[in-house]
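Chemist: The structure is given below, and queries will be raised subsequently.
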Amino acid sequence: MSLVLQNEVSLKPFNTFGVEVRARLFAEARNDDEVRQGIALSAERGLPLLVIGGGSNLLLTGDIEALVLRMASRGIRVLADDGERVRIEAEAGEVWDELVRWSLAQGLGGLENLSLIPGTVGAAPMQNIGAYGVELKDVFDSLVALDRQNGEVREFGLADCAFAYRDSLFKREPGRWVILRVRFNLSHNAALHLDYGPVRQRLAEEGVAEPTPADVARVICAIRREKLPDPAVLGNAGSFFKNPLVPAALAERLRSEHSDLVAYPQADGQVKLAAGWLIDKAGWKGFRLGAAGVHAQQALVLVNYGGATGSEIHALAERIRADIRQRFGVELEMEPNLY
Ligand code: FAD
Ligand code: NAP
């Protein structure tokens, strides 16, 4: 098989903000060989290479003068099953939520709290995706990535990936690694994580006394559908800012000024603040700047009401950042990847 190259392709269908920009060259890589072809072609044409998955964590601020390579490799397989622990492997282009649903259909636990996160398997380690008290690192076994610096394929174990809150080695070395496939440790008898937000309460309301992973997934999907705008309806990239980790002294000062501050002490002594609370408190919820806006129900989500450019969304984000810095002395960091 050889890579099919297209010229001047609109990326609107390939980013969940629905921003209209074009890629100088575009191709879909269905296997490792096509990834290598993409790397070789970008070098031949003198263009940078931008690897994307589902485009759900991108903010595209202009036309992309690059070869945009969309990961389209598919395949999920069981590598080992000892009756208790199950090691599985998925190709980078697999849709993340399809992997979650596949695992639940096999009766396997581990991925249920990460239900309904958009995007691909290959992008999931980039920011160590997390939701409802579980992060990718909690179920991670290893991954295989291609080093664009020398063309070598390397295997990464948990300790090699430097996973942290919405962060990893791969995010800190942008453009270097192409993640080809990821392996996970799942279980036939996984311990469930129910103590986050309304999960336990929702299960109780449903009368579920002994939940299965599938029950947890169902409840989390329902909560997410209620709280988050569907990118197919309203362009967005999920949470626009990371929840800031601040020194305990700053959190204490803010608590003395705002008794309703949402803050979670961390093991390392820092305190995690809810960025959505800060933005809401500062009065940004529902704010619109042209076609860009702050979602009316969820202040952490910036949205494209239709026709907003990436630069407009970025300008709104910068105004919010400056305001939060000035009001609270807290620095917000953008979560989506800016191009
Ligand atoms: P893309 O947006 O295509 O790419 C993201 C970055 O990864 C880019 O820098 C890209 O170059 C790089 N990349 C992509 N694939 C590869 C690869 N194979 N190898 C190397 N680099 C690659 N995130 C969470 O953590 N938790 C959530 O609960 C969550 N909820 C969301 C809800 C909504 C409605 C939306 C729109 C987004 C949400 N996100 C969440 C953010 C996003 O879905 C995740 O970060 C997801 O993992 C991005 O996957 P993607 O395939 O769309 O990546
Ligand atoms: P939420 O439940 O309203 O909580 C607000 C914030 O407080 C969350 O961001 C969360 O941080 C933190 N929090 C809540 N309960 C916590 C606990 N028991 N311990 C530690 N921290 C706690 O959040 P939400 O916006 O509806 O999102 C629910 C989950 O889905 C969160 O985990 C969130 O990260 C995830 N999510 C992520 C994205 C994204 O694009 N990254 C988009 C939608 C939802 P954490 O974020 O650290 O969990």
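Coordinate-derived values only; no laboratory data. None of the values given here were measured: they were computed from a predicted structure. Here Cβ is always computed from backbone atoms with ideal geometry, including for glycine, and neighbour counts include all displayed protein chains.
Chemist: From (1) surrounded by 15 or more Cβ atoms within 10 Å (Cβ to Cβ); (2) more than 30 Å from Asn304 (Cα to Cα); (3) within 14 Å of ligand 1 (Cβ to nearest atom), pick out the condition that doesn't hold for Pro211.
Modeler: Among (1) surrounded by 15 or more Cβ atoms within 10 Å (Cβ to Cβ); (2) more than 30 Å from Asn304 (Cα to Cα); (3) within 14 Å of ligand 1 (Cβ to nearest atom), the lone unmet condition for Pro211 is (3).
Chemist: Picking from Ala251, Ala292, Ala232, which residue would you name as being of a type in the set (A, V, I, L, M) and over 19 Å from Leu59 (Cα atoms)?
Modeler: Ala251
Chemist: Also: Anything in segment 60-74 that is in a loop (DSSP other than H, G, I, E, B) and surrounded by 13 or more Cβ atoms within 10 Å (Cβ to Cβ)? List them, or say none.
Modeler: Leu60, Thr61, Asp63, Ala72, Ser73, Arg74
Chemist: Only one of (1) touching a residue at least 12 places away in the same chain (Cβ under 8 Å); (2) loosely packed, with under 13 Cβ neighbours inside 10 Å fails for Val246. Which number is that?
Modeler: For Val246, the exception is condition (2).
Chemist: On to the next question. So, of the residues in segment 139-164 that are within 16 Å of ligand 2 (Cβ to nearest atom) and either surrounded by 20 or more Cβ atoms within 10 Å (Cβ to Cβ) or without any contact (Cβ under 8 Å) to a residue 12 or more places away in the chain (or both), which turns out to be farthest from Ala90 (Cα to Cα)?
Modeler: Phe163
Chemist: Restricting the search to segment 83-100, which residues are farther than 13 Å from Ala124 by Cβ and in contact with a Ser or Thr (Cβ under 8 Å, 6 or more places away or on another chain)?
Modeler: Glu84, Arg85, Val86, Ile88
Chemist: Right, here's the next one. How do the pairs read when you match residues in segment 214-239 that are under 30 Å from Thr309 (Cβ atoms) with residues anywhere that are small (Gly, Ala, Ser) and part of a helix (DSSP H, G or I), using Cβ under 9 Å and keeping only pairs 6 or more apart or on different chains?
Modeler: Correct list of pairs: Ser239/Ala275; Ser239/Gly276.
Chemist: Does any residue in segment 67-85 that is of a type in the set (Lys, Arg) come within less than 7 Å, Cβ to Cβ, of a residue that is in a strand (DSSP E or B) six or more places away or on a different chain, and which pairs are these?
Modeler: Once the first residue is of a type in the set (Lys, Arg) and sits in segment 67-85, its partners that are in a strand (DSSP E or B) give Arg70/Glu28; Arg70/Ile52; Arg74/Glu91; Arg77/Ile88; Arg77/Glu89; Arg85/Asn185; Arg85/Ser187.
Chemist: Which of the residues spanning segment 92-138 are touching a residue at least 40 places away in the same chain (Cβ under 8 Å), in a helix (DSSP H, G or I) and within 12 Å of ligand 1 (Cβ to nearest atom)?
Modeler: Within segment 92-138, Trp96, Val100, Asn113 meet the criteria.
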